[in-house]
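Here's the structure, in structure tokens; my notes come after.
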């Protein structure tokens, strides 16, 4: 059996390995969400978070680009009302809206044949349909990480495109190395999805959402 | 199975002082006959013995009814087993008592045949281990070792001597690769079908090939991999010392778990195997032909130090299509350097392409092609050359030979000239490659359409592979470059 960590728990684990994650606040009601948003600065993203919630986008539990306290209050109220009994304990996550148009997916998978492997791919909600991914077995070197990035067919996304700077390769390699290290050190981690790993307009990768599955 | 077998133990299998065929038959359709026949007809110089229940003589070899009756001074390292599975344990004991240290077991009825077979296989492995016998198979097709003329096999053809070592989980792929080797004239050092790989598996053979002075590249076919991580660790070590070309059948049973993770879902199919190959510097081939092409390229060409390719062609269209193929690959079509363009200008009339592909456009005279191949390959910005057009003059020679005006003294003179020219071109390509340490690949469909044409014939005579198309040459060159780049990046080359 396995269990999934909540989004904030997942990101905390990734952040502890040096993977850049979006700054966020976890609150329990709509008023606190609005206060957190004012503190972080608008616009923000508001999501429903909980250990048992896995596919937020599919369930409409992510609200993007909210510009005012009123919008945040309304969104948080709706999300809390959308929680289901099977979701268990839930909270509201407020994060700054990061500008960027390029979404990658990175992750860890334990293959029954080859053991822990690290993945990078073109991400976003269509990641599985696009299936432009590359794997390497953990542990990986910097060169392995560079080569797996180079394996992707969607190289054009990594260059400078539509006013966005080229991907910061050093940071991206760092993310993959960190995942490799995490997979190596934490036997109890069954899988990791970071989707999307956004490339911001300066090309820096930042984890907007993450899901870590651990052995129960 | 994941611990290594000392290479000297493979000597008994690949370079035995003498071979005993157990279970020889009188009937030319039986494996027990074929095995003895093949062993006696390809130049093996060790002593050959046989057992069969009737005694007598088969193919001039006196048969003994049991191993105990073999001459006392017989020096036998390898037993080639064609007897029924039920008798093999007793056979191995008797052979071990006579100093045999390797067995190739062709017998079926083991793990492939259900639970009883699996138990019998387990007993055979334990017994071989106890007796100090290297156990190949069971249920295998055979073993070939050209440096000693050893052809101990029951289905596959015998290849010319060369530098490709083959190990396969399917005997029929040994056969396929050896057929390609025969047709291409690019030979094989050792070949073995792993059969059920009960005691000795593909990674074990690979580790031996890595130490084998006769082998420059390994070529393997795998289906199921028992322990993926061990395969990775061992294959990576092998690929560090020599290129390793893998053809894989079947899609890996990766974790298509009904998991919450996208990564797990994307790990399905063989994306993980593919990444593993890249990481270990295993050359993964997409097809049987591509696997042989890559192995033949590794066996007969030096490794490129960079991606920049020059195409030398006697006809425009060939060059254009080849340039397109290069554009789709990880290779680069070199932008022709000014000094090289100027040097070519001095040797060709102005209608040549003046760019890469270097299309001679029919402007060549007697010595142009050898001079150009030399000039282009030696240029410091050129990492590799693809040469198209060998054999074209001999095409005309063939028409003259086959036409109704033949024989005729003046026709004979020109035919000889054409064929001599094509031979010179092939030789020039090989010579400059040798001199510079850069790959120079020759490609023409004549390699398969008319293998006796003087062009491909001369390429084979230089010991090189004549690629059947430019596409296949570029694909193979891309494999060479990837292998080389992996090493350069890691400071291994």
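The values are calculated or read from the model by the stated rules, or taken from the named source; none is laboratory data. As the structure is a prediction and not an experimental result, all values here were calculated from the model. Here Cβ is always computed from backbone atoms with ideal geometry, including for glycine, and neighbour counts include all displayed protein chains.
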Within the stretch B:454-493, residues surrounded by 24 or more Cβ atoms within 10 Å (Cβ to Cβ) and in a loop (DSSP other than H, G, I, E, B) come out as B:464, B:465
Here are some residues: B:487, B:472, B:464. Which one is within 14 Å of chain A (Cβ to nearest Cβ) and within 24 Å of residue B:307 (Cα to Cα)? B:487
Name the single residue that is surrounded by the most Cβ atoms within 10 Å (Cβ to Cβ) among those in the stretch A:140-174 being in a helix (DSSP H, G or I) and more than 14 Å from every other protein chain (Cβ to nearest Cβ). A:172
Quick check on my filter: what residues within the stretch B:330-352 are buried (at least 19 other Cβ atoms within 10 Å of the Cβ) and part of a loop (DSSP other than H, G, I, E, B)? B:331, B:334, B:336, B:348, B:352
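Scan the helices (runs of 4 or more DSSP H) fully inside the stretch B:231-302 and keep the ones with 2 or more residues being at pLDDT 95 or above and in contact with a helix residue (DSSP H, G or I) (Cβ under 8 Å, 6 or more places away or on another chain).
Here the list reads B:271-280, B:288-300.
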Hey, any hits in the stretch A:127-139 for a residue that's more than 11 Å from every other protein chain (Cβ to nearest Cβ), within 26 Å of residue A:94 (Cα to Cα) and either in a loop (DSSP other than H, G, I, E, B) or touching a residue at least 40 places away in the same chain (Cβ under 8 Å) (or both)? no
Condition check for residue A:79: in contact (Cβ under 8 Å) with a residue 12 or more places away in the chain, in a helix (DSSP H, G or I) and either out of contact with any strand residue (DSSP E or B) (no Cβ under 9 Å at 6 or more places or on another chain) or within 14 Å of chain B (Cβ to nearest Cβ) (or both): no
For the list (1) in a loop (DSSP other than H, G, I, E, B); (2) surrounded by 15 or more Cβ atoms within 10 Å (Cβ to Cβ); (3) in contact with a helix residue (DSSP H, G or I) (Cβ under 7 Å, 6 or more places away or on another chain), I need the number of the one condition that residue B:310 fails. (1)
Can you report the number of residues in the stretch B:124-176 which are surrounded by 19 or more Cβ atoms within 10 Å (Cβ to Cβ) and in a strand (DSSP E or B)? 18
Take residue B:126 and tell me if it is touching a helix residue (DSSP H, G or I) at 6+ places or on another chain (Cβ under 8 Å) and within 25 Å of residue B:10 (Cα to Cα). no
Could we say that residue A:92 is touching a strand residue (DSSP E or B) at 6+ places or on another chain (Cβ under 8 Å), within 14 Å of another protein chain (Cβ to nearest Cβ) and either over 20 Å from residue A:205 (Cα atoms) or assigned to a strand (DSSP E or B) (or both) here? no
Against the conditions (1) outside any helix (DSSP H, G or I); (2) within 31 Å of the chain's Cα centre (by Cα); (3) under 25 Å from residue B:445 (Cβ atoms), where does residue B:381 fall short? Just the number, please. (3)
